[in-house]
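**Student:** My questions all concern the structure below.
The values are calculated or read from the model by the stated rules, or taken from the named source; none is laboratory data. This is a predicted model, so every value here is computed, not measured. Heads up, the Cβs are rebuilt from the backbone with ideal geometry, glycines too, and the neighbour counts pull from every protein chain shown. Ligands, DNA and RNA are excluded from the accessible area calculation, which covers all protein heavy atoms including side chains. Shrake-Rupley method; radii C 1.70, N 1.55, O 1.52, S 1.80 Å.
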Number of protein chains: 2
Amino acid sequence: MSFQKLDALGRKLEALEHALAILGADEATHMAVGGGEKRAEAMANLAGMYHAQSTAPEIRDWLEAAKAEGLSEDQRLALGEFERVYVNATCLPTEFVERRTAATMRSEQLWRELRPTGDWDAFLPALEGVVALVREEAQLRADALGLAPYDALMEQYDPGNRTAELDKVFADLKAFLTDFVPQALGVQEKRLADRPLKPLTGPYPIEKQRELGLAAMRAAGFDFTHGSLAVSHHPFCGGVPTDVRMTTRYRTDEFLSSLMGVLHETGHALYEQGLPKDWSHWPLGKARGMGIHESQSLFVEMQVARSPEFWQFALPLVHLHLGEDAIPGWEVEDVLAKVNFVERGYIRVDADEVTYPLHVILRYELEQDLVSGKLEVSQIPEAWDAKMTQYLGISTINDPKDGPMQDVHWPAGIFGYFPSYTLGAMIAAQQWAALEKDIPDARGQIAKGDFAAVNDWRAQNIWLQASRWSTPDLIRRATGEPLNAGYFKAHLKRRYG
Amino acid sequence: MSFQKLDALGRKLEALEHALAILGADEATHMAVGGGEKRAEAMANLAGMYHAQSTAPEIRDWLEAAKAEGLSEDQRLALGEFERVYVNATCLPTEFVERRTAATMRSEQLWRELRPTGDWDAFLPALEGVVALVREEAQLRADALGLAPYDALMEQYDPGNRTAELDKVFADLKAFLTDFVPQALGVQEKRLADRPLKPLTGPYPIEKQRELGLAAMRAAGFDFTHGSLAVSHHPFCGGVPTDVRMTTRYRTDEFLSSLMGVLHETGHALYEQGLPKDWSHWPLGKARGMGIHESQSLFVEMQVARSPEFWQFALPLVHLHLGEDAIPGWEVEDVLAKVNFVERGYIRVDADEVTYPLHVILRYELEQDLVSGKLEVSQIPEAWDAKMTQYLGISTINDPKDGPMQDVHWPAGIFGYFPSYTLGAMIAAQQWAALEKDIPDARGQIAKGDFAAVNDWRAQNIWLQASRWSTPDLIRRATGEPLNAGYFKAHLKRRYG
Ligand SMILES: [Zn+2]
Ligand SMILES: [Zn+2]
């Protein structure tokens, strides 16, 4: 049976994925410093085997033959995902992939060299080369998938995402935020006048912070029989669903950034741990995509862990692990003022949840114009500055380092990915609203540190659905309606208005 | 060029080895408890890919074609090792390998169940099945390699090892030890009457023991830019040469077992770290075999770390890391009396260096008779007991658990491996003697914790030789003469006589 061949292939690919995931997590956490070169060589070779095995020509025959086989409903859906993944993986000619890999590797390397000084002019030719290749790639993918070029790029990260819908939702959100950011800043200013930010009185020993993080993970539902927490320079959630490797990093002068980071990654981890076990070797059994994944982390980090209810539960936990004098005299309001501090800034990754979407929408708009050819790479600094000034009231024209040179995505040739971040934030808010309809006491449960019902709702509606539906269909099935910026707007108004 | 194809194959196999080695080490150290099933599945699949790629039929053509190519001396030697490995890997029919794998897996599992109660009768049929397969395997290997059956089994672990030589060396050693063990026990008794064993006054905190272990590793030459020390239930030295994963385990009531274990594994680690870098993807660039590997660990553990000179250096190190009161009043002699304590015992893995070879020779003799058919499995308990009584003066007839059921090797179908342990002990002694001829002050340097010249000698004569020579040739080249039990005997007389 051809489906059996796909099933067997899935097991081999899962083994290679397993190796790559654990080797990747190990590299960032436990590898000896001199082990990097051989590790990179080993991983490149394993990735090559993965590519060769997952794009073998005979797979197309198996896919066609399997369609005629008597398949169960799960197998039929699985076959669809096998095919989707195969088409996405094989729609670029090898010759093109090699050209693109070489160009983006050089460009990313150059970016790492030039970013510290923000030397845009020196970087320009490399980025022009990358964008030319991205245009070519978008067209190749568009032809293979029957999609518009930018949609074909997004299709890699969130299947079913289309600019036709996203443009409207983002326009709605942008219009709201350009007014709302100054309003939220004004509200914050008045609040802080009444109740100034309290200073943190560290040092907070790393071992105690670790215990606090573990306690928060445990409360949020992290399964320590299938995962662990380590330390790495760039925090991540990696590994495999049966052994999720989460990391954080610590500074001793404060503890909130590590704790919030741990809760964010816990959101990613819960999704992986909650995926259906039986199909872990089928594409159908894997997490849906980047936007949904980010919605799971932002659900925990933003919807839950920056709420007053969560801090009713978490403040005593801080005292338990860091000591009664860790944050003397702090009340829930003091923590919230700190973790929900709003600020206009240049850097996306440092942005709060109110201003963050404007950073993303700016990139989304520029990417579309770059891919369509409406915008040339040489025009990016002016276009970037104009939008930053319009959306956030700050200028980057003399500071490319903190402007268009701040992110690795474009130097690495990754276009169509940025929207997933804000898609995630919106889905998280929409998800919370849907969940609260089914569990009216959800906030009360969180205040007691009880995540059971909340997690069960998410398991049924999101995690166990894995890749059964496209991203828009999954949103609709889980929340009862299509993506709607209204929930995220309502969330921001409630918290910052 | 066909040699280039072998070279490229070597890189792919090295990547799979790298993954298997790191996944294996990770499993014992950092894996979440619930990750085992998927890890085993992934590793089995990767091992399957390794097997398929390393035994592909076209390799035989490459090997033949490469012989006619203009190769450098290194390439010529590399080709020889590629071929040796290929022949050893392909000399068993797939059908046989599958039968054997199934049988040994069942037998090993049964052994794990039955060993605690020592139920020999229940285990007998499974072991009979395994031994029948081992006889078949020995004959298949013998036919393919043109060797005697038991030699063909040993060939997997130490290429070039032949019973024709080992029989003589082991007979010599056995004759010596049956007299020497009682003599050493008598000497020890007198010594202890004059100077009783001092008790250890723990607890010794794990964190401090770890620092002591790291300091000892560093002094012995372990390169922490290419390796690390972690904790696991069964200590091992794994990983890859560029990232050696060593482990130990701690008990808090004493510190010497962990420290001696660390030094043993450091010996293995130095060999791996000292292998030539450029050919790490060729069989030629890998460690020679099990006997040589064990000689490198026993060199550090037995020749060096149980000597009075080492403890001149190490005793202050113990005080530095465990505190001045860790072993109050202890002198070098007190440590040596402890770490070099001789005792007749049932269990090979618990044996001291004087009695250990007798455990090995017993197994070596029984294995030869089992493979040749002179001995049947049902006769093992009597044969085992007779030899234990003769060699060590203790009976196991009523205690199969601590007799023929004590080791995993036979249940797992591993025959021809045991001799490597004692081969290693003899090579270590012979190596020290050769080294001391070139570096007359070697003991003085060890007393100062200076391993530089000693390690340089070992790097040149052993580590950088990798798999250029057969085991007997490597011994001859490194020490100037063939394997000679005299050095090990002299070592024992010096230390215990
Ligand atoms: Zn995230
Ligand atoms: Zn060893």
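**Student:** From the label point of A:Arg191, set 7 Å along Cα to the beta carbon, how far off in nm is each other copy's matching point, shortest first?
**Tutor:** Result, one decimal in nm: 7.5.
**Student:** Then there is this: Take the Cα atoms of segment B:319-434, build their convex hull, and give its volume per residue in Å³.
**Tutor:** For segment B:319-434, the hull spanned by Cα atoms encloses 165 Å³ per residue.
**Student:** Another question about this same structure. Rg and Dmax of chain A over Cα atoms: what are they, in angstrom?
**Tutor:** 23.0, 71
**Student:** Related question: For B:Gly323, place a label point 7 Å from Cα along the Cα-to-Cβ direction in every copy; what are the distances to the other copies, in nm, shortest first?
**Tutor:** With the label placed 7 Å along Cα→Cβ, B:Gly323 yields 2.2 nm.
**Student:** About its Cα centre, what dipole magnitude does chain A give when the only charges are +1 on Lys and Arg Cβ and -1 on Asp and Glu Cβ, stated in debye to the nearest 20?
**Tutor:** In total the dipole reaches around 580 debye.
**Student:** Something else: Would you work out the Kirkwood radius for segment B:429-497? I mean one over the mean of 1/r across all pairs of different Cα atoms, in Å.
**Tutor:** Value: 12.9 Å, from the Cα pair sum.
**Student:** Also: By how many nm would the segment from A:Thr201 to A:Asp172 grow when fully extended, if each residue of separation counts as 0.36 nm and the alpha-carbon distance is taken off?
**Tutor:** 6.3 nm
**Student:** With unit charges on the beta carbon (Lys/Arg positive, Asp/Glu negative), name the residue among A:Leu275, A:Ser258, A:Gln296 whose Cα is farthest towards the positive pole of the charge dipole of segment A:201-318.
**Tutor:** After comparing all options, I get A:Leu275.
**Student:** Also, quick follow-up: Add +1 for every Lys or Arg and -1 for every Asp or Glu among the other residues with Cβ under 12 Å from the Cβ of B:Pro308, and state the total.
**Tutor:** The answer is 0.
**Student:** Under a crude label model (7 Å from the Cα following the beta-carbon direction), how far is B:Gln109 from B:Arg76 in nanometres?
**Tutor:** Distance between label points: 5.1 nm.
**Student:** Toward the positive end of the charge dipole of segment B:105-497, about the Cα centre and with charges on Cβ (Lys, Arg +1; Asp, Glu -1), which of B:His491, B:Pro404, B:Thr117 goes farthest?
**Tutor:** Value: B:His491.
**Student:** So, with a 1.4 angstrom probe, what is the percent of accessible area on chain A that is carbon and sulfur?
**Tutor:** The nonpolar share, carbon plus sulfur, comes to 54 percent.
**Student:** Right, something else. Taking +1 at the Cβ of each Lys and Arg and -1 at the Cβ of each Asp and Glu, which of B:Met43, B:Ile22, A:Leu140 sits farthest along the dipole of the protein assembly as shown towards its positive end, judged by Cα position relative to the Cα centre?
**Tutor:** B:Ile22
**Student:** Could you tell me the total accessible area buried at the B-A interface, probe 1.4 Å, in square angstrom to the nearest hundred?
**Tutor:** By this definition, chains B and A bury close to 2700 Å².
**Student:** Between A:Leu320 and B:Arg476, what is the spin-label point distance in nm, taking each point 7 Å from the Cα along the Cα→C-beta axis?
**Tutor:** That separation, rounded to one decimal, is 7.0 nm.
**Student:** Where in segment B:324-418 are there GluC sites (Glu not before Pro) that are in a DSSP coil and have at most 14 other Cβ atoms within 10 angstrom of their Cβ?
**Tutor:** B:Glu324, B:Glu331, B:Glu343, B:Glu376
**Student:** In 5 Å bins starting at zero, report the fraction of Cα pairs in segment A:1-90 per bin as a rounded %.
**Tutor:** Spelled out per bin, shortest first, that is 3, 13, 21, 20, 13, 10, 8, 7, 4, 2, 0.
**Student:** So what are segment B:246-380's ellipsoid semi-axes, whole angstrom, largest first, if each one is the square root of 5 times an eigenvalue of the alpha-carbon gyration tensor?
**Tutor:** 33, 24, 12
**Student:** Which entries of A:Lys12/B:Lys38; A:Lys5/B:Lys5; B:Lys12/B:Lys286; B:Lys338/B:Lys493 have Cα-Cα distances beyond 21 Å here?
**Tutor:** A:Lys5/B:Lys5
**Student:** Around A:Gly239, which amide H atoms from residues at least 5 apart in sequence, or from another chain, sit under 5 Å from its own amide H, with H modelled in the peptide plane?
**Tutor:** Under 5 Å from the amide H of A:Gly239: A:Ala25, A:Arg245.
**Student:** Compute the Kirkwood hydrodynamic radius of the protein assembly as shown, taking the inverse of the mean of 1/r over all pairs of distinct Cα atoms, and give it in Å to one decimal.
**Tutor:** By the Kirkwood definition, the hydrodynamic radius is 32.4 Å.
**Student:** Shifting gears a bit: Grab the Cα-Cα distance for A:Ala386 and A:Arg60, subtract it from 0.36 nm times how many residues apart they are, and report the gain in nm with one decimal.
**Tutor:** Here the answer is 112.6 nm.
**Student:** Let me ask something additional. May I ask for the distance between the Cα centers of segment A:3-25 and segment B:11-54, given as a whole number of Å?
**Tutor:** Each part's Cα centre sits 12 Å from the other's.
**Student:** What does the charge dipole of the protein assembly as shown about its Cα centre add up to, to the nearest 20 debye, if the Cβ of each Lys and Arg holds +1 and the Cβ of each Asp and Glu holds -1?
**Tutor:** Dipole about the Cα centre, nearest 20: 620 debye.
**Student:** Heavy-atom accessible area per residue, segment B:279-334, 1.4 Å probe: how many Å²?
**Tutor:** Here the per-residue accessible area is 31 Å².
**Student:** Quick one: with label points 7 Å out along Cα→Cβ, list the inter-copy distances for B:Glu98 in nm, shortest first?
**Tutor:** Copy-to-copy label distances at B:Glu98, shortest first: 3.8 nm.
**Student:** Okay, next question. Would you work out the relative contact order for segment A:242-338, in percent, from Cα pairs under 8 angstrom that are 6 or more residues apart?
**Tutor:** 23
**Student:** What does the accessible area per residue of segment B:404-471 come to in Å², with a 1.4 Å probe and no ligands, DNA or RNA counted?
**Tutor:** Here the per-residue accessible area is 29 Å².
**Student:** Under 8 Å for C-alpha pairs, at least 6 residues apart: give me the relative contact order for chain A, rounded to a whole percent.
**Tutor:** Reported as a whole number, the value is 21 percent.
**Student:** Using each residue's phi in segment B:249-256, evaluate 6.51 cos²θ - 1.76 cosθ + 1.60 at θ = phi - 60° and report the 3J(HN,Hα) Karplus result to the nearest Hz, with x for Gly and Pro.
**Tutor:** For segment B:249-256, the Karplus-derived couplings read 9, 10, 10, 8, 7, 7, 10, 6 Hz, x marking Gly and Pro.
**Student:** What is the calculated FRET efficiency for B:Ile347 to B:His234, with r their C-beta to C-beta distance and R₀ = 22 Å, to the nearest 0.05?
**Tutor:** Efficiency, rounded to the nearest 0.05: 0.90.
**Student:** Quick one: putting +1 on the C-beta of Lys and Arg, -1 on the C-beta of Asp and Glu, what dipole do you get for segment B:5-95 around its Cα centre, in Debye to the nearest 20?
**Tutor:** The calculation lands at about 80 debye.
**Student:** Right, here's the next one. Counting alpha carbon pairs within less than 8 Å and at least 6 residues apart, what relative contact order, in whole percent, applies to segment B:338-497?
**Tutor:** Relative contact order here is 19 percent.
**Student:** I'd like the accessible area for B:Met43: 1.4 Å probe, protein heavy atoms, all chains in place, Å² to the nearest 10.
**Tutor:** The accessible area of B:Met43 comes to roughly 40 Å².
**Student:** Let me ask you something else. If each of A:Ser378 and A:Glu333 carries a label point 7 Å out from its Cα toward its Cβ, how far apart are those two points in nm?
**Tutor:** Going from the A:Ser378 label point to the A:Glu333 one covers 5.7 nm.
**Student:** List every residue whose amide H lies under 5 Å from the amide H of B:Ala230, counting only residues 5 or more places away in sequence or on a different chain, with H placed 1.01 Å from N in the peptide plane.
**Tutor:** B:Met246, B:Thr247, B:Thr248
**Student:** Which chain B residue comes nearest the axis with its C-beta when you rotate B onto A, and by how many angstrom?
**Tutor:** So the chain B residue sitting closest to the axis is B:Ala19, 2.
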